[in-house]
Amino acid sequence: MTLFIAYLIVFLLAAIPFFEIVGVIPIGVIAGLHAVPVTILAFIGNMLTILLIILLMDKIIGWFEKRKEKNPEKSKKRERRAARVWKRYGLPGLAIISPILIGSHLGVILAMGFGGTRKQIAVWMTASIFFWAIVTGIVSHYGVDFIFSQTGRSGFLEDLLKR
């Protein structure tokens with residue numbers, strides 16, 4: 001049951017906006033969870049909220065505009081960064097770089113604001129998140145495996161469960 005809860009936490013963290021798969025997957029693998037289910041659950045969790053944002057875009061853009069009024073400098077900095085990527089590389093570039101640069105959830109909102117269609121955004125964000133999930137899962141698995149083989153330790157979750 002404890003492992004189920006650990007995997008559920010990975011899923012929920014990946015579903016929370018601004019907790020990106022490039023952060024959640026390594027945390028899950030370092031915790032001692034298997035990389036394949038962590039990667040799959042993180043991908044599904046992140047995609048569910050991305051698709052939800054795309055479906056509820058009109059309401060979210062209204063909320064985002066109100067939030068932007070409260071802290072204009074922080075929002076403008078991220079928006080300028082995303083606008084530069086959009087002008088240079090379009091939707092594919094924004095989709096590929098947003099999980100690392102500005103967050104996939106914000107990337108979806110900005111892509112809609114810049115004129116992308118829901119279908120295009122869904123396709124490109126799915127491809128991007130899939131790509132980053134696979135890369136992060138592989139790097140996390142082999143990186144953590146290498147580190148733990150050098151130290152002779154296991155993940156902190158496994159250590160906690162042994163006590």
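Please go through the stretch 1-21 and pick out each residue that is of a type in the set (Val, Ile, Thr), surrounded by fewer than 20 Cβ atoms within 10 Å (Cβ to Cβ) and touching a residue at least 60 places away in the same chain (Cβ under 8 Å). Full working, then the answer.
Start the filter on the stretch 1-21 by keeping residues that are of a type in the set (Val, Ile, Thr), which leaves 2, 5, 9-10, 16, 21.
Next, from what is left, pick out any that are surrounded by fewer than 20 Cβ atoms within 10 Å (Cβ to Cβ): 2, 5, 9, 16.
Scanning the stretch 1-21 gives a single hit, Thr2.
Can you pull out every residue in the stretch 27-62 that is in a helix (DSSP H, G or I), of a type in the set (A, V, I, L, M) and closer than 21 Å to Leu3 by Cα? Spell out the reasoning first.
Step one: list which residues in the stretch 27-62 are in a helix (DSSP H, G or I), which gives 27-30, 35-55, 57-62.
Filter again for of a type in the set (A, V, I, L, M), leaving 27, 29-30, 35-36, 38, 40-42, 44, 47-48, 50-55, 57, 60-61.
Residues satisfying the conditions are Ile27, Val29, Ile30, Ala35, Val36, Val38, Ile40, Leu41, Ala42, Ile44.
Out of Leu48, Leu91, Leu55, report the one residue that is modelled with pLDDT of 85 or more, among the hydrophobic types (A, V, I, L, M, F, W, C) and in contact with a Lys or Arg (Cβ under 9 Å, 6 or more places away or on another chain). Steps first, answer last, please.
Numbers: Leu48 fails: in contact with a Lys or Arg (Cβ under 9 Å, 6 or more places away or on another chain); Leu91 fails: in contact with a Lys or Arg (Cβ under 9 Å, 6 or more places away or on another chain).
On inspection, the qualifying residue turns out to be Leu55.
Mind counting the residues in the stretch 2-20 that are on the phi < 0 side of the Ramachandran plot and outside any helix (DSSP H, G or I)?
Narrowing the stretch 2-20 to residues on the phi < 0 side of the Ramachandran plot: 2-17, 19-20.
Within this subset, residues satisfying the condition of being outside any helix (DSSP H, G or I) are 16-17, 19-20.
So the count comes out to 4.
Of the conditions (1) on the phi > 0 side of the Ramachandran plot; (2) within 13 Å of the chain's Cα centre (by Cα), Asn46 satisfies every one except a single condition; which number is it?
If we test Asn46 against (1) on the phi > 0 side of the Ramachandran plot; (2) within 13 Å of the chain's Cα centre (by Cα), just (1) comes out false.
Give the number of residues within the stretch 109-133 that are within 19 Å of the chain's Cα centre (by Cα) and either of a type in the set (Gly, Ala, Ser) or at pLDDT 90 or above (or both).
From the stretch 109-133, those within 19 Å of the chain's Cα centre (by Cα) are 109-112, 118, 120-133; that's our starting set.
Next, only the ones that are either of a type in the set (Gly, Ala, Ser) or at pLDDT 90 or above (or both) stay: 111, 118, 120-133.
Total satisfying the criteria: 16.
Being at pLDDT below 90, exposed (fewer than 15 other Cβ atoms within 10 Å of the Cβ), among the β-branched types (Val, Ile, Thr) and part of a helix (DSSP H, G or I): is that true of Ile147 here?
On the way: at pLDDT below 90: yes; exposed (fewer than 15 other Cβ atoms within 10 Å of the Cβ): yes; among the β-branched types (Val, Ile, Thr): yes; part of a helix (DSSP H, G or I): yes.
Yes; evaluated as a whole, the condition is true for this residue.
Scan the stretch 84-97 residue by residue and report those that are loosely packed, with under 15 Cβ neighbours inside 10 Å and under 20 Å from Ile50 (Cα atoms). If you could, list the steps in order and put the result at the bottom.
So the first thing to find is which residues in the stretch 84-97 are loosely packed, with under 15 Cβ neighbours inside 10 Å, and the list is 84, 87-89, 92.
Answer for the stretch 84-97, where residues must be loosely packed, with under 15 Cβ neighbours inside 10 Å and under 20 Å from Ile50 (Cα atoms): just Pro92.
Quick one: would you say Val24 is assigned to a helix (DSSP H, G or I), touching a helix residue (DSSP H, G or I) at 6+ places or on another chain (Cβ under 6 Å) and in contact (Cβ under 8 Å) with a residue 24 or more places away in the chain? Before the answer, list the steps.
Values: assigned to a helix (DSSP H, G or I): yes; touching a helix residue (DSSP H, G or I) at 6+ places or on another chain (Cβ under 6 Å): yes; in contact (Cβ under 8 Å) with a residue 24 or more places away in the chain: no.
It is false that Val24 is assigned to a helix (DSSP H, G or I), touching a helix residue (DSSP H, G or I) at 6+ places or on another chain (Cβ under 6 Å) and in contact (Cβ under 8 Å) with a residue 24 or more places away in the chain.
Considering each of Glu79, Glu65, Glu69 in turn, give the residue that is assigned to a helix (DSSP H, G or I), of a type in the set (D, E, K, R) and in contact (Cβ under 8 Å) with a residue 12 or more places away in the chain. Step through it out loud before you land on a result.
Details: Glu65 fails: in contact (Cβ under 8 Å) with a residue 12 or more places away in the chain; Glu69 fails: in contact (Cβ under 8 Å) with a residue 12 or more places away in the chain.
Exactly one of Glu79, Glu65, Glu69 is assigned to a helix (DSSP H, G or I), of a type in the set (D, E, K, R) and in contact (Cβ under 8 Å) with a residue 12 or more places away in the chain, namely Glu79.
When the residues of the stretch 98-114 are filtered to those that are of a type outside the set (Gly, Ala, Ser) and in contact (Cβ under 8 Å) with a residue 60 or more places away in the chain, which remaining residue is surrounded by the fewest Cβ atoms within 10 Å (Cβ to Cβ)? Show your work before the answer.
First, the residues of the stretch 98-114 that are of a type outside the set (Gly, Ala, Ser): 99-102, 105-106, 108-110, 112, 114.
Applying the additional criterion that residues be in contact (Cβ under 8 Å) with a residue 60 or more places away in the chain yields 99-100, 105-106.
Values: Pro99: 23, Ile100: 15, His105: 23, Leu106: 19.
My answer is Ile100.
Within the stretch 21-52, track down each residue that is of a type in the set (Ser, Thr, Tyr) and farther than 10 Å from Ala133 by Cα. Show your work before the answer.
Filtering the stretch 21-52 for residues of a type in the set (Ser, Thr, Tyr) gives 39, 49.
Of everything in the stretch 21-52, just one residue is of a type in the set (Ser, Thr, Tyr) and farther than 10 Å from Ala133 by Cα, namely Thr49.
The values are calculated or read from the model by the stated rules, or taken from the named source; none is laboratory data. Since this is a predicted model, take the numbers as computed values, not measurements. So basically every Cβ, Gly included, is an ideal-geometry build from the backbone, and we count neighbours across all protein chains shown.
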